[in-house]
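**Student:** Submitted below is the structure of interest, expressed as structure tokens.
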Amino acid sequence: MDIRIGRLARAALLILPLLSAGLAGAQPGPRPVTLVVPYPPGGPADTVARVIAPTLESELGRPIIIDNRAGASGMIGAAYVAQAAPDGNTLLLNPTIHVILPGLMRSMPYDAVEDFTHLGVLVSVPLILAVNDKLPVKTVDELADYARAHLGTVNFASSSTGSSAHLAGEQFKLMRDLDIQHIPYKGSAPAITDLIGGQVQMMFDSAPSILPFVRSAKVRALVVTSPQRSAVAPELPTMVESGFPGFVHSNWYGLWGPRGMPPQAVQAIVAAMQRTMQHQDLTKKLVSQLGAEPVQGMYADAFKTFAASEKARYADLLQSAHIERQ
């Protein structure tokens with residue numbers, strides 16, 4: 001009896017390390033981060049997310065799952081994140097429209113600033129002002145003079161009402177007191193088609209959308225709307241250089257979490273974002289493929305201050321342009 005017990009004990013001692021190793025191997029890995037993109041797959045926001053995600057998840061040390069929750073101009077996905085647990089496991093990637101919507105909508109299911117934890121701005125995509133190639137203008141001042149001399153005949157297109165491209169056109173109109181009419185389209189592609197065809201005479205559009213048609217001489221680019229000349233089109237002067245002080249518009253892409261995220265979670269994600277945007281191969285890819293320029297130093301509190309100022313700026317512009325809330 002004692003001999004059998006002794007054998008069993010020795011067998012158990014041999015098996016226990018194997019069981020422990022097996023259990024250790026079965027331990028779950030780091031919990032994935034769900035990155036909500038509130039637009040369909042294939043769009044600009046989705047493309048930015050998918051280009052950045054592999055490097056970000058490597059720096060964060062956690063898998064990233066992209067979740068496209070499209071609808072209501074991004075409000076469905078943003079509301080989902082606003083209502084999620086503030087544990088750092090659910091994040092939102094959204095462009096400038098996130099802070100434009102409050103000035104455009106009568107009611108929203110969340111506060112675009114106060115209901116989110118601000119993590120950082122990743123990239124900024126400048127707009128380019130382009131005109132129909134047959135229009136006899138080569139500078140933005142000549143365009144303003146032409147519009148003033150041909151009252152009621154100059155229309156400007158945009159990809160949608162309330163977009164940064166639309167509001168750039170409205171600001172141009174206001175700053176030069178011009179009689180030009182906004183023509184909204186469902187996306188950039190049909191707007192560019194009509195710009196080439198002469199049905200509309202001018203439009204502001206994101207650099208990646210319009211530059212191929214500029215390069216092929218189907219439309220003429222006049223200026224860029226970034227604060228400084230853009231790496232994607234360094235030959236173009238800025239609107240500020242061209243005599244339009246404060247005229248800065250872009251599609252910037254920010255990362256948010258639900259309100260109330262713990263400081264340690266915020267710090268971990270911000271640090272991972274900072275390291276991610278220092279990868280030279282990634283930044284070159286962003287510029288060459290997306291016309292997206294990395295934004296440095298716009299994290300946490302600085303991002304919240306910036307988002308609040310952008311929200312106020314666009315609300316004032318919408319009001320000045322007499323664009324009614326929807």
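**Student:** Using the structure shown, list the pairs from 186/218; 173/304; 284/311; 138/186 with a Cα-Cα distance above 24 Å, or answer none. Before the final figure, lay out the partial values.
**Tutor:** Values: 186/218 21 Å; 173/304 29 Å; 284/311 30 Å; 138/186 28 Å.
Distance filter (> 24 Å) returns 173/304; 284/311; 138/186.
**Student:** Can you pull the percent of Cα pairs in region 142-198 with separation above 14 Å?
**Tutor:** More than 14 Å apart: 54 percent of the Cα pairs in region 142-198.
**Student:** Right, something else. So what are the three principal axis dimensions of region 217-284 from its Cα atoms, in whole Å, longest to shortest?
**Tutor:** 48, 29, 21
**Student:** Select from 318, 238, 257 the residue farthest towards the positive end of the dipole of region 185-326; place +1 on Cβ of Lys and Arg, -1 on Cβ of Asp and Glu, and compute about the Cα centre.
**Tutor:** It is 257, whose Cα lies furthest towards the positive end.
**Student:** Now a separate question. Projected area of region 170-326, taken from the Cα convex hull and averaged over every viewing direction, in nm²?
**Tutor:** Numbers: hull surface 46.0 nm².
It is 11.5 nm².
**Student:** Here's a follow-up. With every protein chain present, what is the per residue accessible area of the chain (1.4 Å probe, Å²)?
**Tutor:** Dividing the accessible area of the chain by its residue count gives 47 Å².
**Student:** In units of 2.2 N^0.38 Å, what is the alpha-carbon radius of gyration of the chain?
**Tutor:** The reported ratio for this selection is 1.27.
**Student:** With only Lys, Arg, Asp and Glu charged, each at its Cβ (+1 for the first two, -1 for the last two), find how big the charge dipole of region 66-225 is about the Cα centre; round to the nearest 20 debye. Provide the component values of the computation, followed by the final result.
**Tutor:** Details: 11 positive and 14 negative charges, 110 e Å.
That gives region 66-225 a dipole magnitude of about 540 debye.
**Student:** Another question, then. Using a 10 angstrom Cβ neighbour count of at most 12 plus a DSSP loop assignment to flag exposed GluC sites (Glu not before Pro), which longest range of the chain is free of such sites? Mind showing how you got there, number by number?
**Tutor:** On the way: sites that count: 114, 235, 324.
Result for the longest clean stretch: 115-234.
**Student:** Quick one: of the DSSP bridges fully inside the chain, what percent are antiparallel, nearest 5?
**Tutor:** 60
The values are calculated or read from the model by the stated rules, or taken from the named source; none is laboratory data. As the structure is a prediction and not an experimental result, all values here were calculated from the model. Quick reminder, even Gly has a Cβ in these numbers, built from the backbone with ideal geometry, and neighbours come from all protein chains shown. For accessibility, only protein heavy atoms count, side chains too; no ligands or nucleic acids. Shrake-Rupley method; radii C 1.70, N 1.55, O 1.52, S 1.80 Å.
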